[in-house]
Amino acid sequence: MSFLSEPIGLSHYLAVGAFLFVTGVVCMATKRNALGILMGIELVLNGAIVNFVGFASPYFRDENLGLDGHLIALFVIVLAAAEAAVALAIALNFYNNHATIDVDRADELKG
Amino acid sequence: MDAFLPYLPSLLATAVLLPLVSFCVIFLAGTWLGDRGKPAAWVATSAILASTVLSFFSAGIWFAVHETPGAHASHDEHYAVEHHAPPVITGDGYPLASFAGADVSINYYIDALTILMFCMVTFIATCIHFYSTGYMHEELHPVVDHEALLANGESLRRPGRYARFFQALSLFCFSMLGLVISGNFLMTFVFWELVGLCSWFLIGFYVERSSASTAANKAFIVNRIGDFGMLIGLMALWASLGTLNFGDVADAGSGVFSQMRSEANHYALKTPNGMVRLAAADRIDEMALASSEPLSQEALAAKVDASIPAWREGTTEGDSTKVGYTLLMIAGLGIFCGCVGKSAQFPLHVWLPDAMEGPTPVSALVHSATMVAAGVFLVARSYPIFLPEVLLVIACVGCVTLFLGATIALVATDIKRVLAYSTVSQLGYMMLALGVGGWAAGVMHLVTHACFKSLLFLGSGSVIHAVHTNEMPHMGGLLRKMPWTGYTMLIGCLAISGIGIPSIVGLPIGLSGYYSKDAILEQVFSFRNVNPVWGTVFFGAACGGACLTAFYMFRMWYLTFLGEPRSAVKHDHAHESPKVMVVPLVLLAVLAVAVAWPIYDWVGLPTLSRTIEQARPTGIWQDMAGSHWSVTMPEESKGHVAAVKGPVGVLAFGAAISGILLASVFYLWKTLDPADVRRSFDPVYRVLFHKWYFDEIYQAVFVRGTLAVATCVALLDRMVIDRLVDSLAWLAVSLATLSDRWVDRRGVDGFVNWFSRQTYQLGSSLRSLQTGSLRQYVMLIVVSTVALFLILSFWTYSLAR
Amino acid sequence: MTPLLAATSEAAINWHTVMFYVIALCACGFAVIVAMTNNIVRMAFALIVSLAATSGLLFLAGAYFVGAMQLMIYVGGTVVLLIFGVMLTAQKAFITMQTKAGDWILGLLVGGTFLAVLVQLVFLMPQWQSSDYQSVADAQLVAFAQELKSQQDRGEEITPQQRRKLELLAAKASEGMPQRTGEIGLALVGVRADKIESDQPGLAGYLLPFEIVSVHLLVVLVGAAFLARAKRHHHGGNQR
């Protein structure tokens, strides 16, 4: 169990971030439910936040992003909240108009 | 009165502007004045009345300050009297523009002539305004004009134009007064055109009558011919002297007069430097080129200035041309040309008789007393710039005109036409007087003529008003019906004939015409002493004219007022005119009798002759000899010596009396039958009756000629130019069709269509990419990202090395 | 004092590392559940757990304030919002919407490729693979303690400054000196307390982005309210 005694590095954080990101992408790519896609987006944004915080952490690098990384992570959270609100409103509107939230049905504008 | 002198320009300017105000008021508010325009008459009349008061007040100020000189005629020992430049007030009103350092401004030139003209114009205009309120009363109601027929033969019905008449009259008064007071040639020209415009309005007052509108157009167009010459004169002056001011204005430098007749040259006429320089432009260029080293601007100017006197006098070696002399002559002739048109001189006299189509008060004011006198006034005003040669031309024109007018008046039957030709003839007298050097005589005749001719016209208007016809053969025996009109007209006839007794208690006593006509004849006689050939012709014409004047005037009077009524209906209908028309007649009759009496200086008032004497322009008190033609204008006092006065007085008196007697023989006592004479002199009568065929000649030569040239040009236009243009157009159209078919449709359109088709197909083929499937989009994004990663890393780690 | 980091012995288990692995596993596992399940309610639940676990990761990285925000906004706000939406639209037909197998395969294939690329990149830098923070801090503490000890041996007194520095070094070695929340607050109003003044010409803080984000949020709220408002004349009965 040598990996348990080693202190973790930045790479681990980035790996977790990448995993969350890819999970979110897969979620977006496979869900038919509009809310599911929204959740995928949240996951993707989470991956980004983890990355930012990882780069900002003083434990892993001396030349870290510091406060800037934290602030950007905060803004990302805020924007995610805003995006969730609007997207939810759109989804509800879509549901009101089409009585479904299947994104495959939302193809009226296709060429 | 000295204290008022500074306000003199303002007083006169107010007098000028009051009629303008009246015009504007009637123009803008005429329809609201109510009572069918009657208040318009009161506005106009009160405006001109106020102008009259102001003018006479100004005259009082003027003559209190400037003493009139003694009449040199009666005091032979005062011959060597020192002459001074006349008192003149000049000044700038408002600068209009500045061209190359020379200003054009509204300025004024006030001397005794201005004052005199102001008093005369405003007084006569006031009389005529009052008269018109009575004469034009028909215009208060809707009018049925029997002389203007519609296409279906019915008489025209139109609303009355009472207010419009007074509006035009006010504008005319403003223009005439402005013309009199104006201080430069440009302003004169502007007002000159304005009076022409008013004349056009007033002649064409009965615009529906084709004769009236034709006459108005004729007057306007004939005047344009004269004005064209005047413009040439103005340009000659402006180009050479750089100013158009008459007198010296404080800021604008010396005026035209003082440049021509400088004090240093004892006011003798000399070609001004500017004209010499302009005429010698090529000599100056030659001078600049001939010098060995390049001359500076100043050096050249100095050299030119040095040689100007020699050029002017023609004393340079091998060349005796008087440089600039011709230019000066052109300037003078040009100005006179304008006067020929306005004063109806030969050969432009044809418009004035036709102008009688206007209402009679208009004929009285505009076409006899004031406007046509404006030409004479302008000659008098710009007298200092006329060379003796020009004056001779003026005299010739005047002589021809007076003879023509008098002869045509002999046979005219329309009462107004008789007066119109009499006006032409009298204007010829004035021009003749001015042309032979009689400045004072010409101006004096201008004033006296204005008085008695307006009187005669108003009288004729009164007659026409009573009998509703212009034709004298339909009148006769009207004296008992309208005694006031008849006797005032008799006074007018006597005045124009120049009746007077050469000497009572050492003074000549007569009607106003006597003094002025005698002065003219004396001057012509004195001219004959110096220039026998010209002088004999002129004197003969003048004496004959005087005789003819008396004859035709009394012919008119006898035909109108004496004898048996030739038209019973018209005679029964006739009645004396209302008071508002008779009172001006009486006033003018008094003026016609007494305006020229020399007795006023007994009570300290300026007489007419002394007023004119005071206005005598600089340098017109010496003989003037022409240098190109041998002609000498004698100075005027030479006409007043006993050797001239004696024979001329007798001759003039004889001419007038013989004229009257001849008229009496024909028309009063009927000893001779005019019809017999007419038959025996049929060719002459015919020529005279057709006004010397002037209208026919002009019609044939100018009107037909112009039309013929125009037809030729139109033919050329249609046959050549139109064809050319048409073929060019056809060529252009076919070229356009070709290019449309090949270039536009095949080339441009083809390319554009091909491009759009391709774009459309590309879009259609790309359309299927837009599936609307969200998942697919996400997949595409991810795949693209991964691909980018791979390509970048491949590039970075393998290719870039 | 929580033994965040283990003692200096080499074989000893690094509890920080253990915590990281546990929490990261939690986050990733529930994220996978989010991606895999078709039941929308389970998905929402798994998302809450995953996000909460992520906040734990943030705490571990020393970003306490961001972690707290993550908990409050996401778990306490956004996800509640999502669940709200789920409950509004959760009819039986939509709770489990089957995805086609082809989509699954394609998504997993692409996602796997993407993950592979990313993980390969992440582990590309050797100095990122481990952290020497703890050892350096320990070494500094030991060196300073020995210096003080020798000073004491020479009979000299320990000054208050030296004592303060020793305390700081001890805190750094044991607690990791996290960023202070107050500094973030100051940065949001335009003052950077963590940098020396000469390094920040002009505005180095985040006042303007903060203001923009505030207005943005307001606009979003208004827009969301507008979009989601009830249209009774169309589908009045569909709203629950």
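Computed from backbone phi, the HN-Hα couplings of the stretch B:628-637 come to 8, 9, 7, 9, 10, 8, x, 6, 6, 5 Hz, rounded to whole numbers (Karplus: 6.51 cos²θ - 1.76 cosθ + 1.60, θ = phi - 60°; Gly and Pro given as x).
Kirkwood radius for chain A, taken over all pairs of different Cα atoms as the inverse mean of 1/r, rounds to 16.0 Å.
With neighbours defined as other Cβ atoms within 10 Å of a residue's Cβ, the residues B:LEU241, C:LEU71 order from fewest to most as C:LEU71, B:LEU241. State whether the stretch B:576-735 is rounded, prolate or oblate according to the following rule on the C-alpha gyration tensor (a ≥ b ≥ c being the square roots of its eigenvalues): a/c under 1.5 gives rounded; otherwise a/b larger than b/c gives prolate, and the remaining case gives oblate. In terms of gyration-tensor shape, prolate.
At 222 nm, what value in deg cm²/dmol follows for chain B if DSSP H runs of at least 4 each add -39500 (n - 2.57) and the sum is divided by all its residues, to the nearest 500?
Roughly -21000 deg cm²/dmol at 222 nm, from the helical runs in chain B.
Each of B:ASP285 and B:VAL748 was given a label point 7 Å from its Cα along the Cα-to-Cβ line. The distance between the two points is 5.1 nm. At an R0 of 51 angstrom, the distance between the Cβ atoms of B:ALA3 and B:TRP32 translates into a FRET efficiency of 0.75. Fewest neighbouring Cβ atoms within 10 Å first, the residues B:VAL393, B:VAL590, B:VAL418 line up as B:VAL590, B:VAL393, B:VAL418.
For the stretch B:152-250, how big is the tail of P(r) above 16 Å, as a whole percent of Cα pairs?
It works out to 66 percent of all Cα pairs.
Against the longest alpha carbon principal axis of chain B, how many degrees, from 0 to 90 and to the nearest 10, is the axis of helix B:512-530 turned? Long axis of B:512-530 versus the principal axis of chain B: about 90 degrees. Put the Cα centre of the stretch A:42-111 next to the Cα centre of the stretch B:236-280 and the gap is 97 Å.
Among B:TYR108, B:TYR487, sorting on how many other beta-carbon atoms sit within 10 Å of each Cβ, with the fewest leading, yields B:TYR487, B:TYR108.
In summary, the lysines within cross-link reach of B:LYS638, defined as a Cα separation below 21 angstrom excluding same-chain residues under 8 places away, comprise B:LYS517. Applying a threshold of 32 Å to the alpha-carbon distances of B:LYS645/B:LYS670; B:LYS218/B:LYS322; B:LYS570/B:LYS691 flags B:LYS645/B:LYS670; B:LYS218/B:LYS322 as lying beyond it. Once the Cα atoms are used to define both axes, helix B:439-467 deviates from the longest principal axis of chain B by about 90 degrees.
Principal axis analysis of the Cα atoms in chain B yields extents of 144, 83, 61 Å, listed in decreasing size. When you filter the chymotrypsin sites (Phe, Trp or Tyr not before Pro) in the stretch C:38-129 for DSSP loop state and at most 11 other Cβ atoms inside 10 Å of their Cβ, nothing is left. Listed by chain and number, the aspartates and glutamates whose alpha-carbon sits under 16 Å from that of B:LYS342, ignoring those within fewer than 8 places in the same chain, are B:GLU193, B:ASP227, B:ASP354.
Counting only the Cα atoms, the stretch B:447-528 fills a convex hull of 121 Å³ per residue.
Let me make sure I get this right: for the stretch C:52-182, a, b and c are the square roots of the gyration tensor eigenvalues over alpha carbons, sorted descending. Under 1.5 in a/c it's rounded, otherwise prolate if a/b > b/c, else oblate. Which is it? Oblate, since a/c reaches 1.5 and b/c is not below a/b. The long axis of helix B:774-794 is offset from the longest Cα principal axis of chain B by roughly 80 degrees.
Regarding the protein assembly as shown, what is the average projected area of its C-alpha convex hull, in nm²? The directionally averaged projection comes out at 92.3 nm². Here chain B carries DSSP beta bridges of which approximately 100% are antiparallel, counting only pairs with both residues inside.
Every number here is computed from the coordinates shown, using simple stated rules; none is lab data. Small disclaimer: the values here were computed from a predicted structure and weren't measured. Here Cβ is always computed from backbone atoms with ideal geometry, including for glycine, and neighbour counts include all displayed protein chains.
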